[in-house]
Amino acid sequence: MLQTYTHSTGIDRRAWFLRVACICIALAGLGLNAAYVLEGAFDARRVSVNIVMLSVVAVVWLIQARGHLRLASAVLLVTITGAIGVLSAVNGGFRAPVAWAFLPLIVFAGWMLGARWAAATFLAVVAILIALFGLEAAHLLPEQAPGSIRVQIVVTLFMLTLGCLLFLLIGRDMAAGLRAATELREALRASNEALEAKVSERTRDLEAAKNLAEIASRAKGAFLANMSHEIRTPMNAIVGFSQILLRGDLPPVARQQVQHMAQAADHLLLLINDVLDISKIESGKLVLEPTPFDLRALFTRLLTLVETNARAKKLGLFHEIEDAVPRWVVGDPTRLTQILLNFLGNAVKFTESGAIILRCIVQASDDEGVLLRFEVQDTGIGIAKDAQERIFQPFEQADPSSTRGYGGTGLGLSISRQLAQLMGGSVGVESAVGRGSLFWATARLGLSNAAQQGAGGAESLSAAERLFFAPERILRHHFNASRILLVEDNEVNRLVAGSQLALVGLGVTEAHNGAEALALCESRDFDLILMDLHMPVMDGQSAARAIRQLPQHAETPIIALTADAFSEDRQRSLEAGMNDHLAKPITPDTFYPRILRWLSVKRPGVLLPG
């Protein structure tokens, strides 16, 4: 507001100054003619000069009155003053003070153009007058009648008075402009200080909010970690004992009851894992672990995992892999399995008849890797158009009533989307109600030279061969003499792990804490150590570091057997000198292969699956 007011006021003042100057020049011309008449020094040249001067003044007045551009008025004023000065010098000689008397008007004309032009116009006209003086001194100008001295004196005094008045007006206007500029600078400074204060305050608020968010995030992470640990400990007993019971001889009714118990435990464990994955993704702590893997073997394993449920509903289960898809790729097979298993599980859940197809095609490829598109197509109930985007949001399902009919938390697809994005891809669905669905996911995977290792693996074997190469069978027939140390403070967990090891004929020595384990390792040799992390007296990580200092156990495999399931927990276990990290609850499907892997380190000649 201040800047606009000052600018408009300056324009009004300049317009008023210009009108005053025109009036003064017109009066000067009339007075000059009257003086020449009174003195008897009137001639045609002087009349013509004054007529030109008065005509130009009239034009300036009309232009200013009509509101045309200030620049045009100023240019005309420069022309007026310049012409008057030159003609006066020619008529009266440079020595006549009339020529100098017009300099104030010339400076004023420059000021009308702007402050930067005032000095330029002044210097230009002074240069012209000096040039004329030089020409006159060299007698190159024609001799003219000097006119009346008294007229020259009167005109000079009048013009000097006019010049002083104009300078006073200009100075007053410039002083007002300086005051306005000072006020504007002060206003800007105050505004900047206020803005900086607001920015500083906002920065402090944001910093405080950021700190609170970090505190809340840490509290949330600590809460989830503690809850996960506390839930997994009893879950270990439920899952472990149900698996042990199912491997024994049970009456039909009891077997069915145990199966329901095991399924409920698996569902609860899936919910726990989903919540942990969502927490990791939101905090940016979920990190992929790239490794070479056999893509076709992964497909076989995926179909095996859903085969039982699909067969129970008499669904066809097929897979199609495009010939251009490389067999060996580099990526995170665990997270890729999680995405596709979620798609397959939903397909089996929401399909009552027909078939399910797992498909893989190449979308793009280059020297660094391939972009693969994975599809799971079913003949199930389908999804409405308006729900197809919503189902990829956390805790969302196509139909809320499906939670009661089919179960589920609504987290699986949201996690799948986040995992696919971490793999450089995306997810989507194509579906219509009553016509089935096609869920797809893309992932960028690297190329691997692992194909040179052969295309073996338990997944590519026949059913009979898979039974022959089952980890349980190999452990029972080739490693039954192995010495295993189980370090666990919880009696139930010791019973679960000991019972599962006893099923495959492995003998176990038990320790209740890290100190007991260290004492046993100092006096005895073991082929494998299973170590809990949270124990009294000495925790598992401290015990592992101490055991690694013993020469006879510097290379003995140590597996962390714990309810801590975060990636940071696994990293801490490895940094403490352990070889592996197995999260509870433990099941034969995950426990036996891991035991076999590390026992075989000392017996490389044993034929292993894969």
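Here the accessible area is traced with a 1.4 Å probe on the protein chains. For segment 504-597, carbon and sulfur cover 47 percent of it.
In this entry, segment 319-393 is assigned a mean projected area of 6.3 nm², taken as a quarter of its C-alpha convex hull surface.
Taking 0.36 nm per intervening residue step and subtracting the Cα-Cα distance, what contour gain separates Leu438 from Gln421 on full extension?
Working it through step by step, the gained length comes to 4.2 nm.
Between segment 482-535 and segment 273-329, how many Å separate their Cα centres? What the calculation gives is 33 Å, centre to centre. Distant-in-sequence amide contacts of Arg483, defined by a placed amide H-H separation under 5 Å and a gap of 5 or more residues or a different chain, comprise Asp527, Leu528. Of Lys313/Lys385; Lys210/Lys280; Lys313/Lys349; Lys314/Lys385; Lys314/Lys349, which sit over 20 Å apart, Cα to Cα? Among Lys313/Lys385; Lys210/Lys280; Lys313/Lys349; Lys314/Lys385; Lys314/Lys349, the Cα-Cα distance tops 20 Å for Lys313/Lys385; Lys314/Lys385.
Per-residue 3J(HN,Hα) values for segment 209-216, derived from phi via the Karplus relation 6.51 cos²θ - 1.76 cosθ + 1.60 with θ = phi - 60°, read 5, 5, 5, 5, 5, 5, 5, 5 Hz in sequence order (x marks Gly and Pro). For Ser365, the amide hydrogen comes within under 5 Å of the amide hydrogens of Leu371, counting only partners 5 or more places away or on other chains and with H modelled in the peptide plane. For segment 255-385, the solvent-accessible area works out to 50 Å² per residue, with a probe of 1.4 Å and every protein chain left in place. Once the 1.4 Å probe is applied to the protein heavy atoms, segment 497-548 comes out at 37 Å² accessible per residue. Annotation: amide H of Glu320 within the under-5 Å range of Leu358, Arg359, Cys360, sequence separation 5 or more or interchain, hydrogens built in the peptide plane.
Each peptide in 434-445, 378-389 was scored by the mean count of other Cβ atoms within 10 Å over its residues; highest first, the order is 434-445, 378-389. When all protein chains stay in place and ligands, DNA and RNA are ignored, the 1.4 Å accessible-area order of Thr334, Thr351, largest first, is Thr334, Thr351.
Summarising the label geometry, the points placed 7 Å from Cα in the beta-carbon direction at Ala219 and Gln256 lie 4.9 nm from one another. Annotation for segment 301-359: GluC sites (Glu not before Pro) lying in DSSP loop with at most 12 further Cβ atoms inside 10 Å of their Cβ are Glu322, Glu352. With a 1.4 Å probe and all protein chains left in place, how much of the accessible area of segment 201-270 comes from carbon and sulfur atoms, in whole percent? Solvent-exposed carbon and sulfur of segment 201-270 make up 64 percent of the total.
Test of understanding: what is the full-extension gain from Glu320 to Asn480, defined as 0.36 nm times their sequence separation minus their Cα-Cα distance? Kindly include the intermediate steps, with their values, before the conclusion.
Values: separation 160, 0.36 × 160 = 57.60 nm, distance 4.09 nm.
So the chain would gain 53.5 nm between Glu320 and Asn480.
Of the peptides 521-533, 211-223, the ranking by mean beta-carbon count within 10 Å, highest at the top, reads 521-533, 211-223.
The values are calculated or read from the model by the stated rules, or taken from the named source; none is laboratory data. Note that the structure is a prediction, hence the values are computed from the model and not measured. Glycine gets a Cβ as well: all are built from the backbone with ideal geometry, and neighbour counts include every protein chain shown. Note: areas computed on protein heavy atoms with side chains; ligands, DNA, RNA excluded. Shrake-Rupley method; radii C 1.70, N 1.55, O 1.52, S 1.80 Å.
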